[in-house]
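One structure is given below, encoded as structure tokens.
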Amino acid sequence: MLVERAQLTSGSTFHSAGLVGQLRGTQPLTKMMMNSVELYRQLGEEVDLDTGWHEVGSLRLASSTERMEELRRQAAWAETFGLPLDLISAEAARDLFPPLDTDGVLGAALLPTDGYLDPSQLTLALAKGARLRGVEIRTETAVTGIEVANGQVIAVEVENRAGNGTGRSGQRETIRADVVVNAGGIYAHEIGALAGISVPLVAMAHQYAITKPAGLPSGMPTLRDPSLLVYFRGESGGLVTGGYERDPAPWGLGGIPADFNNKLLEEDWERFAPLFENATRRVPMLADAEIVKLVNGPEAFTPDGEFILGPSAVRGFWVAAGFCAHGIAGSGGMGRLMAEWIVNGQPGLDAWHMDCRRFGDQYRSRAFTLTRTTEVYATYYDVKYPGQERLAGRPLRLSPTYGRLSALGAVFGEKSGWERVNWFEPNAAAGDESLRPDGWASREWSPAIGAEHRACRERAALFDQTSFAKLEVTGSGAAAALEQICANRVDRAPGRVVYTQLLNAEGGIECDLTVTRLAADRFRIVTGTAFGRHDLAWIGDHLPSDGSTRIEDVTSRYACLCLWGPLAREVLAPLTETDVSSASFPYLTAKELNVGPVPCLAVRVTFVGELGWELYCPTEYGVTLWDTLWEAGEPHGLVAGGYRAIDSLRLEKGYRVWGSDVTPEQTPFEAGLGFAVSMDKGDFIGRKALSELGELTRRLACLVLDDPNRVVLGEEPVRVDGRLAGRVTSGGYGYSVGRSIAYAYLPVESAQPGQRLEVNLFGDWTRAEVAAEPLYDPKHQRIRA
């Protein structure tokens with residue numbers, strides 16, 4: 001059953017500009033858009049109703065060198081998706097879109113399978129298709145309450161607002177349901193609140209102008225000029241033109257009026273004027289065009305510019321909202337993904353970056369959500385450089401050592417609200433400027449990264465990783481529950497550390513983490529900063545409901561300092577009465593000890609491939625722990641390091657990162673992580689799927705580029721013998737091995753060391769070779785020193 005507070009399309013849909021572009025910044029989102037177009041092509045015939053789909057293609061202009069580089073990068077992506085994107089000249093673009101002024105245009109990207117549609121016609125066609133399959137649609141039916149019992153949604157309370165054949169106006173009803181999807185668009189925040197769920201989105205006033213017919217040819221492609229912040233499409237011989245201004249206008253922050261249905265906001269010509277001026281620069285005929293209407297309507301935007309999809313903290317209560325002006329473009333693929341997720345228990349695509357549960361508690365604040373969302377809207381058309389940091393709402397979450405790090409010249413990045421050090425700029429003096437990579441890879445780079453890398457390899461480095469997500473699983477059933485969830489054997493003696501993946505039913509990797517057994521009934525899980533909420537939700541969903549096992553997020557309870565490097569033992573040993581020799585404190589074990597006066601859990605594990613420990617202490621001891629280690633390390637040349645050095649170090653060791661190198665779409669065997677799977681331990685989630693796998697057809701391979709100054713950014717196509725073979729998952733420069741490194745899933749026959757291949761970097765095919773991994777310390781002697 002679908003309940004609609006007014007009439008279909010009466011929220012944001014009826015005033016959508018209706019542009020449909022398929023190529024997006026991530027693989028799952030692009031596939032979702034492609035699935036939408038596939039549906040739009042066939043839906044009209046299937047339901048015998050016109051959808052208003054016009055497959056006229058799209059043009060995206062490049063009016064600067066950076067934009068042209070962006071188009072070359074996008075063209076390479078498109079090839080991996082099978083999208084027929086071509087780079088064309090400015091003159092060729094004008095031939096397709098005659099009113100275009102090409103002044104300053106360096107080129108354009110043409111994607112002929114894009115287009116636009118009439119949002120109301122599409123909605124009515126979708127509704128008809130739904131009715132044909134048994135869906136009941138109730139209009140003029142407002143949701144007034146969501147009933148939740150024991151953490152599970154059980155019913156929706158509604159009120160009939162207009163006597164529409166399902167009852168008299170004002171009549172209330174309770175509809176029992178154990179699956180409820182909040183697809184409320186700009187109203188989704190208010191609907192979520194009824195279930196006690198925060199849906200962090202803000203309605204932004206978005207404007208476009210419609211001109212009178214002016215004899216323009218039909219079938220012109222849609223046109224975007226992101227440098228001028230504007231877009232265009234044909235409309236009955238005239239034009240629709242809109243854009244994304246730098247001074248967004250949020251709306252409805254105090255609540256959306258109950259009667260705001262089929263309504264627009266007042267025309268705001270003062271705010272639209274700069275966009276219209278830009279539009280006139282690109283299409284001069286607009287200067288003399290008669291404006292029929294300036295459409296000003298609210299669209300829901302999110303704090304990170306991604307959709308909000310999937311299950312919430314309330315079982316059975318799902319969200320499909322926050323489409324950031326892509327709702328029409330993505331609705332078909334989004335519907336498919338949500339249906340798969342609800343029916344099968346997991347989505348058909350890796351959807352974590354769109355998952356409803358990715359947001360921290362800080363997003364319960366409307367002020368913080370507004371700050372982040374405003375930045376998203378204001379930078380909507382900006383070039384998105386890999387590694388570029390968002391600035392709004394910072395700083396928010398601070399390690400206890402933040403003051404010490406700042407005093408050392410830290411250059412901070414941000415992840416999940418945490419301020420994390422990317423590098424320490426004073427270390428640049430010991431770096432090598434000649435290693436600066438070419439192109440975009442140099443934008444977020446410093447010679448300090450290499451200096452910190454080498455210090456960790458040659459002496460010792462101290463890293464603050466307090467932002468690590470830390471979860472504790474406790475209770476009499478904890479060991480049995482984790483054995484069922486984890487692919488590796490974790491039911492080991494207290495003090496043992498286990499690296500493991502958590503798999504879905506198909507054997508795909510849902511989580512990648514370490515489990516430390518602290519006691520018979522207590523385990524600590526450590527995972528990446530960005531994945532804590534994901535892993536917490538995934539594990540929590542798979543724990544028994546009999547009360548024998550509990551999970552708690554203890555991230556903020558403990559600071560974490562990582563002391564790594566060949567001299568790490570020399571730094572640590574004088575500070576503790578505990579024997580930290582390899583014989584007494586071997587690799588992958590943990591002990592309670594004191595570092596100076598600070599009580600710590602010391603875990604001998606590494607993400608950089610060197611001897612060392614992760615040292616966890618109660619947060620209030622964090623500064624003292626830093627000072628104690630820093631003073632002790634000074635005679636040994638201890639250096640403070642940041643996350644960019646860690647990334648370089650881990651690439652040389654072949655350590656994987658979840659979300660890029662490994663995702664729910666790959667198995668541990670494909671990812672080269674079979675060593676972390678205990679097929680002989682008994683049943684666990686995903687074991688059946690792994691046991692039924694045939695011979696591998698693809699495998700994650702380590703590539704080294706011939707030119708060390710060409711550094712990948714991720715998602716670059718890889719070809720073997722002139723044929724597309726895969727795409728890069730992650731990469732960077734390895735300062736110890738002196739090579740540019742990339743990882744990519746390749747056919748098994750092409751993943752053999754010595755295989756020659758090519759990687760597409762901004763349109764140029766750069767030669768590379770598959771290398772045996774790990775590139776650094778292949779016998780793993782240093783981590784066990």
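The values are calculated or read from the model by the stated rules, or taken from the named source; none is laboratory data. Quick caveat: nothing in here was measured; it's all calculated off a predicted structure. For neighbour counting, all protein chains shown are included, and Cβ atoms are generated from backbone atoms with ideal geometry for every residue, glycine included.
Do we have any residue at all in the range 157-170 that's surrounded by fewer than 17 Cβ atoms within 10 Å (Cβ to Cβ) and within 32 Å of the chain's Cα centre (by Cα)? No, the range 157-170 contains no residue that is surrounded by fewer than 17 Cβ atoms within 10 Å (Cβ to Cβ) and within 32 Å of the chain's Cα centre (by Cα). Scanning the range 623-650 for residues that are in a helix (DSSP H, G or I) and closer than 14 Å to THR401 by Cα, which turns out farthest from the chain's Cα centre (by Cα)? Checking each candidate, the answer is THR628.
Anything in the range 375-420 that is of a type in the set (A, V, I, L, M), surrounded by fewer than 20 Cβ atoms within 10 Å (Cβ to Cβ) and outside any loop (DSSP other than H, G, I, E, B)? List them, or say none. ALA378, ALA407, VAL411, listed by residue number.
Here is a yes/no grid of residues against (1) touching a residue at least 12 places away in the same chain (Cβ under 8 Å); (2) under 27 Å from THR302 (Cβ atoms):
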position: GLY134; (1), (2): no, no
position: THR144; (1), (2): yes, yes
position: GLN171; (1), (2): yes, no
position: VAL181; (1), (2): yes, yes
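Here are some conditions: (1) under 29 Å from VAL737 (Cβ atoms); (2) at pLDDT 95 or above. GLY659 meets all but one. Which one does it not meet? It is condition (2) that GLY659 fails. Scoring GLY52 on the criteria (1) modelled with pLDDT under 95; (2) within 26 Å of the chain's Cα centre (by Cα); (3) not aromatic (Phe, Trp, Tyr) leaves a single failure, condition (2). If the condition is being without any contact (Cβ under 8 Å) to a residue 60 or more places away in the chain, part of a loop (DSSP other than H, G, I, E, B) and loosely packed, with under 14 Cβ neighbours inside 10 Å, then the range 570-584 contributes GLU577, ASP579, SER581, ALA583, SER584. Considering only residues in the range 672-711 that are of a type in the set (Gly, Ala, Ser) and under 11 Å from GLN501 (Cα atoms), the one that is surrounded by the fewest Cβ atoms within 10 Å (Cβ to Cβ) turns out to be GLY674.
Matching residues to (1) surrounded by fewer than 23 Cβ atoms within 10 Å (Cβ to Cβ); (2) free of Cβ contacts under 8 Å to residues at least 12 places away in the same chain; (3) touching a Pro at 6+ places or on another chain (Cβ under 7 Å):
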| site | (1), (2), (3) |
| --- | --- |
| LEU503 | no, no, no |
| GLU506 | yes, no, no |
| GLU510 | no, no, yes |
| LEU513 | yes, no, no |
| THR516 | no, no, no |
| PHE523 | no, no, no |
| GLY528 | yes, no, no |
| LEU536 | yes, no, no |
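The C-beta contact set for the range 745-772 (first residue of a type outside the set (A, V, I, L, M, F, W, C), second residue in a helix (DSSP H, G or I), distance under 8 angstrom, 6+ apart or interchain) comprises ASN760/ALA76; ASN760/GLU79; GLY763/ARG72; GLY763/ARG73; GLY763/ALA75; GLY763/ALA76. For the range 375-388, state whether one or more residues are under 24 Å from the mean Cα position of the chain (by Cα), free of Cβ contacts under 8 Å to residues at least 12 places away in the same chain and not assigned by TED's automatic domain parsing to the domain that holds PRO274. Yes, the range 375-388 has at least one match. Kindly check whether there is at least one residue in the range 333-340 that is among the charged types (D, E, K, R), surrounded by fewer than 23 Cβ atoms within 10 Å (Cβ to Cβ) and free of Cβ contacts under 8 Å to residues at least 24 places away in the same chain. Yes, that holds for at least one residue.
A quick yes/no check of all residues on (1) farther than 24 Å from LEU349 by Cα; (2) touching a Phe, Trp or Tyr at 6+ places or on another chain (Cβ under 9 Å); (3) assigned to a strand (DSSP E or B):
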site	(1), (2), (3)
LYS31	no, yes, no
GLU38	no, no, no
GLU46	yes, no, no
LEU61	yes, no, yes
ARG73	no, yes, no
THR113	no, no, no
ALA127	yes, no, no
ARG131	yes, no, no
GLY134	yes, no, no
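Across the range 457-476, a minimum of one residue is classified as over 26 Å from LEU696 (Cβ atoms), in a helix (DSSP H, G or I) and touching a residue at least 60 places away in the same chain (Cβ under 8 Å).
Quick one: is ALA109 touching a residue at least 40 places away in the same chain (Cβ under 8 Å), within 27 Å of the chain's Cα centre (by Cα) and more than 20 Å from ALA17 (Cα to Cα)? Answer is yes for this residue. From the list GLY734, GLY726, GLY738, exactly one residue is modelled with pLDDT of 95 or more, surrounded by fewer than 16 Cβ atoms within 10 Å (Cβ to Cβ) and not assigned by TED's automatic domain parsing to the domain that holds ALA75. Which is it? Matching residue, one of GLY734, GLY726, GLY738: GLY738.
Pairs are defined by a Cβ separation below 6 Å, a sequence spacing of at least 6 or placement on different chains, a first member in the range 662-691 that is within 15 Å of CYS511 (Cα to Cα) and in contact (Cβ under 8 Å) with a residue 24 or more places away in the chain, and a second member that is among the hydroxyl-bearing types (Ser, Thr, Tyr) and surrounded by fewer than 19 Cβ atoms within 10 Å (Cβ to Cβ); the pairs so defined are ALA676/TYR499.
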